[in-house]
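The block underneath contains the structure these notes are about, expressed in structure tokens.
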Amino acid sequence: MPYIGTMQQSLFDADGGKEALAPGATVLRGFARKRDVALLAAVEEIATQALFRHMVTPGGFEMSVAMTNCGAAGWVTDRTGYRYQAHDPHSGAPWPAMPAGFLALADEAATAAGFADFVPDACLINRYEPGTKLSLHQDKDEADYAHPIVSVSLGLPATFQFGGPKRGDPVRKVALEHGDVVVWGGPSRLFHHGVLTLKSGEHPLTGRRRFNLTLRKAL
Ligand code: MD6
Ligand code: FE
């Protein structure tokens, strides 16, 4: 293997490689795997303060994926629309603070994918169980699309759908496994994407669940 290849490999924890999904979108295989136990403990702690809940879309549908947030801002949806807000609508309290380990992972992953100085202020935490899915959508509630999003997959594997700027554009299917990180910005920041119905399974750390953390600079 050429020397430069070895250098790139050594930059990753439990590296399974770096795959380009689209211009500005990169999968870092296994990038978060060595931190899995700490990340999941932090999720559990956050969820004791801000419970996972099934939010309702503006159209009146209850989402099958359960969600919570940490950080200065949290993503919410209800009958009045999608937005970021500083307080958990269930408790009225501020969202739990962003753990230092989330900030460090976000910055390291963004840097590895070519985005320097990424400082997220919001982390949406999605919890999937077998049979749940996330329909094709765009992430466009953030103030400045110049910032990337760092997405961390933990637990059961999922099939990610990655489309294009238009809803009807063809989609690529990408398997995302425990520890994989997707960094996504630049020209494909507003591309449509979703998660296919989660298959049944059992993960040693999460049981019958998949968690996805999306770290954003929302404000
Ligand atoms: C998920 N992820 O992987 C859902 N959005 O469960 C997303 O919707 C997402 O992975 C924006 C950027 C990265 C993502
Ligand atoms: Fe998204």
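Local charge for Glu142 was computed over the other residues whose Cβ lies under 12 Å away, with Lys and Arg +1 and Asp and Glu -1, and equals +1. Using equal-weight Cα scatterers in the Debye expression, the normalised intensity of segment 26-155 in log10 at q = 0.11, 0.14 Å⁻¹ is -0.40, -0.66. Taking each residue as 0.36 nm, the span from Lys34 to Ala20 lengthens on full extension beyond its C-alpha to C-alpha distance by 2.8 nm.
Taking every protein chain into account, the accessible area of segment 8-93 amounts to 49 square angstrom per residue (probe 1.4 Å).
Near Ser188, once Lys and Arg are set to +1 and Asp and Glu to -1 for all other residues with Cβ below 14 Å from its Cβ, the sum equals +1. In terms of Cα atoms, the Rg and Dmax of segment 113-219 work out to 13.9, 38 Å.
About its Cα centre, how strong a charge dipole does segment 127-180 have in debye, to the nearest 20, once Lys and Arg get +1 and Asp and Glu get -1 at the Cβ? Show your work: numbers first, answer last.
Details: 7 positive and 8 negative charges, 62 e Å.
The dipole magnitude comes to about 300 debye.
Could you work out the Rg to Rh ratio of segment 146-195, with Rh taken as the Kirkwood radius (inverse of the mean 1/r over all Cα pairs)? Show your work: numbers first, answer last.
Working: Rg = 11.3 Å, Rh = 11.5 Å.
Value, to two decimals: 0.98.
Given a Förster radius of 25 Å and the C-beta distance between Ser135 and Ala175 as r, what FRET efficiency does 1/(1 + (r/R0)^6) yield to the nearest 0.05?
With R0 = 25 Å, the Cβ-Cβ based efficiency is 0.85.
Pairwise alpha-carbon distances in the chain exceed 20 Å for 57% of all pairs.
Could you work out the Kirkwood radius for segment 173-218, taking every pair of different alpha carbons, averaging 1/r and inverting it, reported in Å? It would help to have the intermediate numbers written out before the result.
Numbers: mean 1/r = 0.0768 Å⁻¹.
Answer for segment 173-218: a Kirkwood hydrodynamic radius of 13.0 Å.
Dipole check for segment 45-189: with +1 at the C-beta of Lys and Arg, -1 at the C-beta of Asp and Glu, and the Cα centre as origin, the magnitude is about 600 Debye. Placing dummy labels 7 Å off each Cα toward the beta-carbon, the span from Glu62 to Ala41 is 3.4 nm. A simple rule links phi to the HN-Hα coupling: the Karplus curve 6.51 cos²θ - 1.76 cosθ + 1.60 with θ = phi - 60°, which for segment 173-182 gives 9, 10, 7, 10, 10, 3, x, 6, 10, 10 Hz, with x for Gly and Pro.
Can you find, among Pro89, Ala104, Val195, the residue sitting farthest towards the positive end of the charge dipole of segment 62-216, where Lys and Arg contribute +1 and Asp and Glu -1 at Cβ? Comparing the listed Cα positions along the dipole, Val195 ranks first.
The values are calculated or read from the model by the stated rules, or taken from the named source; none is laboratory data. Fair warning: this is a prediction, and the values are worked out from it, not measured in the lab. Glycine gets a Cβ as well: all are built from the backbone with ideal geometry, and neighbour counts include every protein chain shown. The protein model used for the area step is the full one, side chains on, heavy atoms only, and it has no ligands, DNA or RNA in it. Shrake-Rupley method; radii C 1.70, N 1.55, O 1.52, S 1.80 Å.
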